[in-house]
1. Scan the stretch 234-253 for residues that are of a type in the set (A, V, I, L, M, F, W, C) and either assigned to a loop (DSSP other than H, G, I, E, B) or farther than 18 Å from Asp353 by Cα (or both) and jot them down.
2. Go through the stretch 134-169 and report how many residues are assigned to a helix (DSSP H, G or I) and either at pLDDT 80 or above or touching a helix residue (DSSP H, G or I) at 6+ places or on another chain (Cβ under 9 Å) (or both).
3. Out of curiosity, is Arg291 within 24 Å of Glu210 (Cβ to Cβ) and modelled with pLDDT of 90 or more?
4. Pick from Ala27, Ala21: which is among the small types (Gly, Ala, Ser), buried (at least 20 other Cβ atoms within 10 Å of the Cβ) and modelled with pLDDT of 85 or more?
5. Go through the stretch 325-356 and report how many residues are out of contact with any Phe, Trp or Tyr (no Cβ under 9 Å at 6 or more places or on another chain), among the aliphatic types (A, V, I, L, M) and over 13 Å from Leu252 (Cα atoms).
6. Does the stretch 326-342 hold any residues that are in contact with a Ser or Thr (Cβ under 8 Å, 6 or more places away or on another chain) and of a type in the set (S, T, N, Q), and which are they?
7. Could you please find all residues in the stretch 292-315 being outside any loop (DSSP other than H, G, I, E, B) and over 15 Å from Pro349 (Cβ atoms)?
8. Identify, from the list Ala38, Ala77, Ala56, Ala66, the residue that is crowded, with 18+ Cβ neighbours inside 10 Å, assigned by TED's automatic domain parsing to the domain that holds Glu16 and of a type in the set (A, V, I, L, M).
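The values are calculated or read from the model by the stated rules, or taken from the named source; none is laboratory data. Computed from a predicted structure; not experimentally measured. Reconstructed Cβ throughout: ideal geometry from the backbone, glycine too, with neighbour counts over all protein chains shown.
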Amino acid sequence: MVKNSLSILPAFAGLELLSSAVIVFNADGSIKFANPAAEILLDCSAKSLIDQKLNALFLNGDALLAVFHQAVAHHFADKRQDLTLERAGREPLHVHSIVTALDNPETPVLIEFRENVQQLKLDREERMLDQSKANKELIRNLAHEIKNPLGGIRGAAQLLELELPERQLKELREYTQVIIKEADRLQTLVDRLLAPHRLPHIVGDVNIHEVCERVRSLIVAEFPQGLTIHRDYDLSIPEFRGDKEQLIQSVLNIAHNAAQALAERIRHGDAELTFKTRVVRQITLAKVRYRLALDLHIIDNGPGIPPEIFHRIFYPLVSGRDGGSGLGLTLAQTFVDQHLGVIECESRPGCTDFRILIPLP
């Protein structure tokens with residue numbers, strides 16, 4: 001029977017009070033002591049952790065074990081590094097680790113873990129902000145470069161059709177019509193690319209639940225069977241100043257993508273889409289601190305976003321679906337940016353969660 005770690009190691013009793021996770025290891029790499037913060041971080045009791053090997057704690061624990069052996073050999077006094085620790089069936093842990101070599105042959109190593117989720121979040125938001133600015137500039141330049149010759153191509157095809165001899169008109173008109181239709185399709189694509197930069201920002205009082213209900217009605221009309229839409233609303237959320245039509249388009253783009261990804265589950269009748277609203281307090285968005293913010297989740301139980309495109313889903317013309325334009329999420333991000341907000345995403349098979357955060361008054 002394993003005794004309480006505090007009674008075994010009174011020398012480490014002070015570590016019980018630390019808010020950061022602390023684990024002390026035996027010379028063979030097994031755990032001798034874990035404080036309450038470590039129990040919370042690892043979601044495991046100290047009793048279960050005692051005697052576990054370091055490399056058994058995480059799927060990628062061998063890298064940490066190598067640092068452990070360096071500490072045992074006194075190659076350093078302490079070593080700091082940011083790590084992503086993979087765990088079977090659980091979310092990975094993003095931590096800052098401090099590996100300390102102790103002057104005790106029985107317990108030679110102490111490792112402290114501090115979650116750095118906030119720093120990762122800030123770094124991710126900064127990257128997204130820079131990416132969004134680059135996307136906007138790229139889209140504007142590319143759209144204008146494409147648009148200018150399109151009119152000439154279409155006009156030339158129409159003139160060519162008028163000049164065709166009567167005997168060849170029926171035979172060759174098919175080809176001129178292909179040119180005209182493809183030019184029109186590209187024109188529509190360019191117009192969609194330029195839409196966020198053309199449309200006026202019409203500001204008024206926005207009730208986010210009216211936005212969600214509008215989107216819900218549109219999704220239900222298109223997918224009347226096999227899709228259940230859940231609503232989990234916090235009705236205390238206040239109205240805020242914004243462009244209602246832009247927000248409807250943003251939420252619709254995300255929800256419509258989700259519904260299309262649920263095609264297989266819709267056929268089986270077990271597809272689910274959830275609109276969830278909450279308020280978060282004291283949050284930093286795009287390097288600015290806000291007292292309150294809207295927290296809107298659009299969650300589906302689909303197959304998840306393919307890993308190879310997950311980090312590029314907000315790039316223009318990137319789509320995980322055959323025939324998709326790859327503009328829906330780009331436009332959604334642009335419209336949310338105009339409300340000083342951000343869009344975040346977490347995805348795994350069976351659950352994709354898009355989160356829209358917008359400052360509240």
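1. Leu235, Ile237, Phe240, listed by residue number.
2. 25
3. Numbers: within 24 Å of Glu210 (Cβ to Cβ): yes; modelled with pLDDT of 90 or more: yes.
In short, yes.
4. Answer to the check: Ala21.
5. The total comes to 1.
6. Those that are in contact with a Ser or Thr (Cβ under 8 Å, 6 or more places away or on another chain) and of a type in the set (S, T, N, Q): Gln333, Thr334.
7. If the condition is that a residue be outside any loop (DSSP other than H, G, I, E, B) and over 15 Å from Pro349 (Cβ atoms), then Leu292, Ala293, Leu294, Asp295, Leu296, His297, Ile298, His311, Arg312 are the ones that fit.
8. Ala38
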